[in-house]
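One structure below.
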Amino acid sequence: LLHHSAAVQKLALQLIKENAYTETVPVLRTMLSKQENIAILPFVISTLASLKADEDLSFFIQHPDEQVADAAIAAQLHSHLEENRKTAIDTTRKWLLASAVADNKKAAKILSSVYIPAFDDHIIQGMHHDDQHVKQYMFKAAGLSQNAALSDALIKAYPVTVNDQAILEALQSNGSVALPAIRNFLFLQDCHGTKSRKLISILGKISNEDA
C-alpha cells in the first residue's frame with residue numbers, strides 16, 4: 001500500500017478486498033485523510049467500504065475529482081448508514097433520469113460495479129438506451145444480479161445487439177437463473193447461426209447439471 005507505484009497499490013487493494021483483510025482499515029483511513037494520490041483514491045474508497053459497511057464516506061461524494069465522487073456514491077449504495085445509503089440511491093436515480101447522456105453514463109457505470117435491486121427497472125430500460133456505453137454498462141449490471149427477470153431482459157436484447165459480448169458474459173455470470181431464458185430463446189425462437197452457437201457455448205460454461 002505504501003509503494004510508490006500506483007499499479008502496485010491497486011493490486012494490493014484488490015488483494016485486500018478479495019481476502020477481506022480488515023487489519024488494513026487504519027492504513028486505508030490514513031490514505032484517505034492524506035489524499036496524496038488522487039488516482040488511487042477511488043480504489044481506496046471501494047476497498048474500505050467493502051471492509052467496513054458502516055464507514056462514513058459521504059465527504060467524498062462532493063469531491064472535485066469525478067472518479068473519486070463516483071466511487072464514494074457506489075460505495076455508499078451498500079452502506080449500513082441509512083442516510084448515506086439514501087443519498088447515494090437518490091443521486092444515482094437522479095442521474096439515470098437526467099436528460100444529459102453524461103449523467104446517464106455515470107449512473108450506469110456505478111450500477112455496473114454494484115448490484116442494487118431497487119434499480120432493476122432502470123437496468124432493463126438502460127439496455128435499450130441510445131448510447132452504447134450506457135447499454136454495455138447495463139448489460140454488465142444485469143450480470144451482477146443472479147436475477148431471472150434481468151436474465152430475461154438480457155435475452156430480449158440479445159438478438160438486436162451487435163456487440164453482444166457483455167450480454168453473453170452477464171448471462172454466464174447469472175448462472176443457473178439464466179438457464180430458462182437461454183433455453184426458451186434457443187427452442188422457442190428457433191434460433192440458428194452464430195447467435196445460437198454463442199448461447200450454446202455459454203450453456204457449456206455454466207457449471208450446472210441443468211445446463
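The values are calculated or read from the model by the stated rules, or taken from the named source; none is laboratory data. Bear in mind that the values here come from a model prediction, so they are computed numbers and not experimental data. Cβ coordinates were reconstructed from backbone atoms using ideal geometry, including for glycine residues, and neighbour counts include every protein chain displayed. We work out accessible area using only protein heavy atoms, side chains counted, and drop any ligands, DNA or RNA first. Shrake-Rupley method; radii C 1.70, N 1.55, O 1.52, S 1.80 Å.
When region 74-88 is examined, which residues are found to be open to solvent by 30 Å² or more (accessible area, probe 1.4 Å) and either touching a Gly at 6+ places or on another chain (Cβ under 7 Å) or of a type outside the set (D, E, K, R) (or both)? Spell out the reasoning first.
Filtering region 74-88 down to residues open to solvent by 30 Å² or more (accessible area, probe 1.4 Å) leaves 78, 80-83, 85-87.
Result: His78, His80, Leu81, Thr87.
Scan region 50-73 for residues that are part of a helix (DSSP H, G or I) and either open to solvent by 20 Å² or more (accessible area, probe 1.4 Å) or not hydrophobic (A, V, I, L, M, F, W, C) (or both) and report the count. Selection size over region 50-73: 9. Within region 31-45, is there a residue that is surrounded by fewer than 17 Cβ atoms within 10 Å (Cβ to Cβ), among the hydroxyl-bearing types (Ser, Thr, Tyr) and outside any helix (DSSP H, G or I)? No: zero hits. Give region 161-206 a look and list any residue that's surrounded by 12 or more Cβ atoms within 10 Å (Cβ to Cβ), in a helix (DSSP H, G or I) and polar (S, T, N, Q), or say none. Gln172, Ser173, Asn174, Ser176, Asn184, Ser196 - these are the residues of region 161-206 that are surrounded by 12 or more Cβ atoms within 10 Å (Cβ to Cβ), in a helix (DSSP H, G or I) and polar (S, T, N, Q).
Here region 17-26 is the region considered, the condition is being of a type outside the set (Ser, Thr, Tyr) and surrounded by 14 or more Cβ atoms within 10 Å (Cβ to Cβ), and the residue that is farthest from Asn84 (Cα to Cα) is Lys17.
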